[in-house]
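Participant: What follows is a single structure, and I will ask about it in a moment.
The values are calculated or read from the model by the stated rules, or taken from the named source; none is laboratory data. The model shown is predicted, which means the values in this text are computed figures rather than measured ones. Quick reminder, even Gly has a Cβ in these numbers, built from the backbone with ideal geometry, and neighbours come from all protein chains shown.
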Amino acid sequence: MNAQASMSVEDLISPALNAAGLTTGSTRFDAGMMSLFRSAEFTTPLYEAASENPWKAPFLFNVFTNDLEAQAGKPNEILSIGAHYVGNGSRRTLIGDPLAALRATAEKPADFLSAVRSILPPPQDKSGMVARVIDTNSKSVPQEVKDAAVLVIRAARQSHEQYKLFLRSVFGTDTPSQAQMDEAQKVVAAALKDDAPSVDFAPGLDIFHAADTRYLIAGANDLLMAVQDASKMVANVPPTARYEFEVWTDWGELCLSGGSDSVYKSAPRPALSNYFLVIDTGGNDTYINVPCA
């Protein structure tokens, strides 16, 4: 049985146009009529470009997919491309490297301990006991892995500053209460329902207007760049190198492991929703609802 090749948009439309003595080259769309079928609010640049001349839509989407394919292995560039096509463009690398200072910090071996301590949940380790335990338990961790972890921790903190700017755009403060956050989520969820009445949709629309999601894209870009660099930093660690280090932080569980078969599951403990960072350089590992690269 021969598989039928998928048909392009042109293959589907051309026969109908030909029946009327037309082609995609001779047919035009009336801009006034087209405006009756689309809304100008919250539309993306890609949608606007395709709506201006629908015959160009296949070309535009090919450009988009080709751009993505050209950046394979560079998630931050893929994010940047996608963000521009939906109108949330953020070129963090245009005026320099946003991680330059963080990379310099990550290259200091003594910084691993302070980086981990900075994200530990309260109470503060005033006696230094927790620091001594962390130092002892991490002695077997290769230095390259420690440096990579420090880079991601520092980048996550930098990204959080962008997140705070996003919160400020929505709430007027970068430290909203949990009640405010819960209420905002409830309002948005109600507004996004297909049959949402105006009384539910209007408050959600106010949030959509206020929220500046470009800050989220900028923060995500920095974190993705750090993850890419971290992967390169640990690339030469032998897969047989055996070590294991785990610590619970304010952001989730930090796991550094190698040389063993590990299983990572989301929500490993009721107190935390997920892992913050997993760096595993060897073994036959299993990831269940946990992102990996």
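Participant: Can you confirm whether A155 is in contact with a Leu (Cβ under 7 Å, 6 or more places away or on another chain), at pLDDT 85 or above and more than 19 Å from E246 (Cβ to Cβ)?
Facilitator: For A155, the condition - in contact with a Leu (Cβ under 7 Å, 6 or more places away or on another chain), at pLDDT 85 or above and more than 19 Å from E246 (Cβ to Cβ) - is met.
Participant: Also, I was wondering about something else. What's the total number of residues in segment 176-230 that are over 30 Å from I95 (Cβ atoms) and either small (G, A, S) or part of a helix (DSSP H, G or I) (or both)?
Facilitator: Final tally of qualifying residues: 26.
Participant: Still on this structure, please answer the following. So which pairs qualify, if the first residue must be in segment 219-236 and buried (at least 23 other Cβ atoms within 10 Å of the Cβ), the second must be in a helix (DSSP H, G or I) and of a type in the set (F, W, Y), the Cβ gap must be under 6 Å, and the two must be at least 6 apart or on different chains?
Facilitator: G219/Y163
Participant: Here's another thing I want to ask about it. Which is part of a loop (DSSP other than H, G, I, E, B) and either more than 24 Å from the chain's Cα centre (by Cα) or modelled with pLDDT of 90 or more (or both), of S273, S260?
Facilitator: The match here is S260.
Participant: Separate question: Hey, V237 hits all of (1) within 30 Å of I81 (Cα to Cα); (2) assigned to a loop (DSSP other than H, G, I, E, B) but one; which does it fall short on?
Facilitator: Unmet for V237, out of (1) within 30 Å of I81 (Cα to Cα); (2) assigned to a loop (DSSP other than H, G, I, E, B): (1).
Here's the yes/no breakdown for (1) crowded, with 16+ Cβ neighbours inside 10 Å; (2) over 21 Å from A218 (Cβ atoms); (3) of a type in the set (K, R); (4) touching a residue at least 12 places away in the same chain (Cβ under 8 Å):
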position: F166; (1), (2), (3), (4): yes, no, no, yes
position: V170; (1), (2), (3), (4): yes, no, no, yes
position: T173; (1), (2), (3), (4): no, no, no, no
position: Q180; (1), (2), (3), (4): no, yes, no, no
position: Q185; (1), (2), (3), (4): no, yes, no, no
position: A189; (1), (2), (3), (4): no, yes, no, no
position: K193; (1), (2), (3), (4): no, yes, yes, no
position: S198; (1), (2), (3), (4): no, yes, no, no
position: D206; (1), (2), (3), (4): no, yes, no, no
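Participant: Considering segment 60-107 alone, what residues qualify as being in a helix (DSSP H, G or I), modelled with pLDDT of 80 or more and touching a Lys or Arg at 6+ places or on another chain (Cβ under 7 Å)?
Facilitator: S80, L102 - these are the residues of segment 60-107 that are in a helix (DSSP H, G or I), modelled with pLDDT of 80 or more and touching a Lys or Arg at 6+ places or on another chain (Cβ under 7 Å).
Participant: Something else about it: Does at least one position in segment 182-191 carry a residue that is among the charged types (D, E, K, R) and either in contact with a Leu (Cβ under 8 Å, 6 or more places away or on another chain) or within 30 Å of G96 (Cα to Cα) (or both)?
Facilitator: Within segment 182-191 (the criterion being among the charged types (D, E, K, R) and either in contact with a Leu (Cβ under 8 Å, 6 or more places away or on another chain) or within 30 Å of G96 (Cα to Cα) (or both)), the answer is no, since none of the residues qualifies.
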